[in-house]
Amino acid sequence: MLSISGPASAVQRDYEALLELFERWRAFAAPEASDSAPDYSASAMAQKARALPDFQRELAALDMQGWSLVQRNDARLVGAEMAGLDFDLRVLRPFARDPAFYVTLWPHQTDVPSREARAALPRIELYAFTFPLSPQDDSLLARRFEAVAPLLRQARINLADSNARDLWVYGITAVEGQARALRQLERGTLALSSLEGPASADLSGASPRLRRAVASAREATQDYLAWLRHEAPGKTGPSGVGKDNYSWYLHNVHLSPYGWEEEATLLRRELERAYASLRLEEHRNRALPPLDPVASAQDYAALARDRLDTFIAFLVDGGVIEDKPYLEAALRPRMGHYVAPQDREFFAQVTHREPMLLYAHDYHWFDLARMRDTPHESPIRRAPLLWNMWDTRAEGFATGFEELVMHAGLYDDNPRARELVWIMLASRAARGLASLYVHANEIGLEEAGRFQASWTPRNWAGAKDGLTAFEQLLYLRQPGYGTSYISGKLLVDRLLAAEMHRAQSTGQALPLAQLLEKIDQAGQVPVTVIESEVVGSRGMLEFDP
């Protein structure tokens, strides 16, 4: 017994050392507090840069002999997080280049594991609070809002040498959003949304301290906004990170096999494939009537409800995914609402014809419900990974799921909806390809918007649409995010191909629902990590000729 339990216990102790290191690492990665606000000053960031190698050396020194593949991958994830901080300190430097980094108020929960792009901590996530507030939450929010003014004063110092034109010019809209939300909070008209559904926030019954703190935050945000508007016209420099830095980041932080050049090739190919497939789909459907959008709010509500029921039944009864108690509850708040024709941007053009297109992408909310109800057993995977490292899994899988359910027969009763799948794919490839050239500093965000609009089928995206500008700014602020919809989808395709190849060799094929469940159980981690655990390879191209 001793000869068996001894080594096993040693392995467990070594893995627990990783978990202990992970806790210290996460505490270190967060900013220190100064003047009741997080400290992102040049001196504080220099101190982080000096201390980071100690954590990296400690991780490298761990004895991983005897560890399971999942445990070794956990260590790999921690190392990638450390590489992400290194990238932030050396290259991206959002605290010194990006005015939108200092937006901290968030009324709406994002549909992915954590907020997209870099943002100062701690965040004021109002959707996580129930109004009217308890005394404890009132006090907590008062402290958070009191930190806004000193943080924005610090921002002016930290950003003094920034010359990243597009980050300034387009980032102003994010700050305007915070100012608008603060005004709405004071008026009692601020809408909230989360996994649980819609809610509202107001200061009825709030303490005088909280009311003063919100007013102070609003005034500070308005002052910061005025300063940005004054300074932005003088900014003339590039905002992208450059091809080499972009590739390093994808390889070392997001654990992607693709760099800038590979992604450019792959996204161009997917854009071409989407257009060619759309043309063939239109030919196939040439005798069918056009798929027109609904004409009223009543019609939209009826269509959205009916298609949600159809969608859930297709997934479960059709054996696409395993039944879960949260499936319908996660999607019902996502049904959307009617938008007048003149106000429709890209996604409304789609949903007003066939809501199931976005229901498929809203697999995101299944992911969030799973994280809430059945947390991963690994503490490293239980909380969202830093630096949006989960993007290929979250966005790539959701994008791939749109095409997967189409091929599985979801639109057999509505063939014209298949055209929308290719339109969605073309749009994502176009906007991702534009973001690549922005990071290469070959074009700016204005030209990126024009490219995205020109390659979105049926002219459903405008170069100056608010959605187009929002997307391109996000992809500039978070390298790799704009391409992750396509690159992640292709990595999911690679995983499915490797699993099929394995099944062909062994004669033991997993039913689709079981395979997707295994992918889900691996957690919100890069698809390359999931692939190694699900099929035991890094892709079917690893072969012996």
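Taking residues in segment 402-422 that are assigned to a loop (DSSP other than H, G, I, E, B), and partners anywhere that are among the charged types (D, E, K, R), the pairs with Cβ atoms closer than 6 Å and at least 6 places apart or on different chains are Tyr411/Arg418. For segment 110-123, the criterion of a residue being in a helix (DSSP H, G or I) and either free of Cβ contacts under 8 Å to residues at least 40 places away in the same chain or closer than 24 Å to Val214 by Cβ (or both) is satisfied by no position. Scanning segment 301-355 for residues that are part of a helix (DSSP H, G or I) and among the small types (Gly, Ala, Ser), we see that the one that is surrounded by the fewest Cβ atoms within 10 Å (Cβ to Cβ) is Ala313.
Every condition in (1) under 18 Å from the mean Cα position of the chain (by Cα); (2) free of Cβ contacts under 8 Å to residues at least 60 places away in the same chain is met by Tyr127 except one, and the failing one is (2).
Based on what the data block shows, is Arg284 crowded, with 16+ Cβ neighbours inside 10 Å and either over 14 Å from Ala417 (Cα atoms) or of a type in the set (D, E, K, R) (or both)? When the stated conditions are applied, Arg284 does not pass them.
Scanning segment 45-57 for residues that are under 14 Å from Arg26 (Cα atoms) and either in contact (Cβ under 8 Å) with a residue 24 or more places away in the chain or assigned to a loop (DSSP other than H, G, I, E, B) (or both) gives Lys48, Leu52, Phe55, Gln56.
Yes or no, residue by residue, for (1) without any contact (Cβ under 8 Å) to a residue 60 or more places away in the chain; (2) touching a Cys at 6+ places or on another chain (Cβ under 7 Å); (3) within 30 Å of Asp292 (Cβ to Cβ):
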| position | (1), (2), (3) |
| --- | --- |
| Ala453 | yes, no, yes |
| Asn459 | yes, no, yes |
| Gly462 | no, no, yes |
| Glu471 | yes, no, yes |
| Tyr475 | yes, no, no |
| Thr483 | no, no, no |
| Ile486 | no, no, yes |
| Leu490 | no, no, no |
| Arg494 | yes, no, no |
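There is at least one residue in segment 389-397 that is crowded, with 20+ Cβ neighbours inside 10 Å, outside any helix (DSSP H, G or I) and within 17 Å of the chain's Cα centre (by Cα).
For segment 249-273, what are the residues that are touching a Gly at 6+ places or on another chain (Cβ under 7 Å) and either in contact (Cβ under 8 Å) with a residue 60 or more places away in the chain or of a type in the set (S, T, N, Q) (or both)?
Across segment 249-273, the qualifying residues are Tyr249, Leu250, Val253, His254, Leu267.
Considered as a group, the residues in segment 363-382 that are touching a residue at least 60 places away in the same chain (Cβ under 8 Å) and not in a helix (DSSP H, G or I) include one that is farthest from the chain's Cα centre (by Cα), and that residue is Ser378.
Just a yes or no: is a residue in segment 261-283 within 30 Å of Leu192 (Cα to Cα) and of a type in the set (Phe, Trp, Tyr)? No, every residue in segment 261-283 fails to be within 30 Å of Leu192 (Cα to Cα) and of a type in the set (Phe, Trp, Tyr).
Rundown of residues vs (1) more than 18 Å from Ala179 (Cβ to Cβ); (2) out of contact with any Ser or Thr (no Cβ under 7 Å at 6 or more places or on another chain), yes/no style:
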{"site": "Gln109", "(1), (2)": "yes, no"}
{"site": "Pro113", "(1), (2)": "yes, yes"}
{"site": "Ala119", "(1), (2)": "no, no"}
{"site": "Pro132", "(1), (2)": "yes, no"}
{"site": "Pro135", "(1), (2)": "yes, yes"}
{"site": "Ser139", "(1), (2)": "yes, yes"}
{"site": "Val148", "(1), (2)": "no, no"}
{"site": "Leu159", "(1), (2)": "no, yes"}
{"site": "Asn163", "(1), (2)": "yes, no"}
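On the basis of being in contact (Cβ under 8 Å) with a residue 24 or more places away in the chain and surrounded by 17 or more Cβ atoms within 10 Å (Cβ to Cβ), does Glu499 make the cut? Spelling it out, Glu499 is indeed in contact (Cβ under 8 Å) with a residue 24 or more places away in the chain and surrounded by 17 or more Cβ atoms within 10 Å (Cβ to Cβ).
Test Pro415 against the criterion of being within 30 Å of Leu85 (Cα to Cα) and surrounded by fewer than 24 Cβ atoms within 10 Å (Cβ to Cβ), and give yes or no. The answer is no for Pro415. Being assigned to a helix (DSSP H, G or I) and in the same structural domain as Tyr170 (by TED's automatic domain parsing): is that true of Asp137 here? Spelling it out, Asp137 is indeed assigned to a helix (DSSP H, G or I) and in the same structural domain as Tyr170 (by TED's automatic domain parsing).
Which ones in segment 194-221 are assigned to a loop (DSSP other than H, G, I, E, B) and not hydrophobic (A, V, I, L, M, F, W, C)?
Glu196, Asp202, Ser204, Gly205, Ser207
Filtering segment 452-483 to residues that are surrounded by fewer than 21 Cβ atoms within 10 Å (Cβ to Cβ), more than 20 Å from the chain's Cα centre (by Cα) and not basic (Lys, Arg) leaves Ser454, Trp455, Pro457, Asn459, Trp460, Gly462, Ala463, Asp465. Exactly one residue among Leu425, Leu404 is within 23 Å of the chain's Cα centre (by Cα), under 19 Å from Leu291 (Cα atoms) and not acidic (Asp, Glu), and that residue is Leu425. Assess whether Gly400 counts as being in the same structural domain as His251 (by TED's automatic domain parsing) and more than 30 Å from Trp67 (Cα to Cα). Against the criterion (in the same structural domain as His251 (by TED's automatic domain parsing) and more than 30 Å from Trp67 (Cα to Cα)), Gly400 qualifies. Residues of segment 215-232 that are under 14 Å from Trp168 (Cβ atoms), free of Cβ contacts under 8 Å to residues at least 60 places away in the same chain and surrounded by fewer than 17 Cβ atoms within 10 Å (Cβ to Cβ): Ala226, Arg229, His230.
The values are calculated or read from the model by the stated rules, or taken from the named source; none is laboratory data. Model, not experiment: these values are computed from the prediction. With ideal geometry, Cβ positions are generated from the backbone for all residues, glycine too; neighbour counts draw on all protein chains shown.
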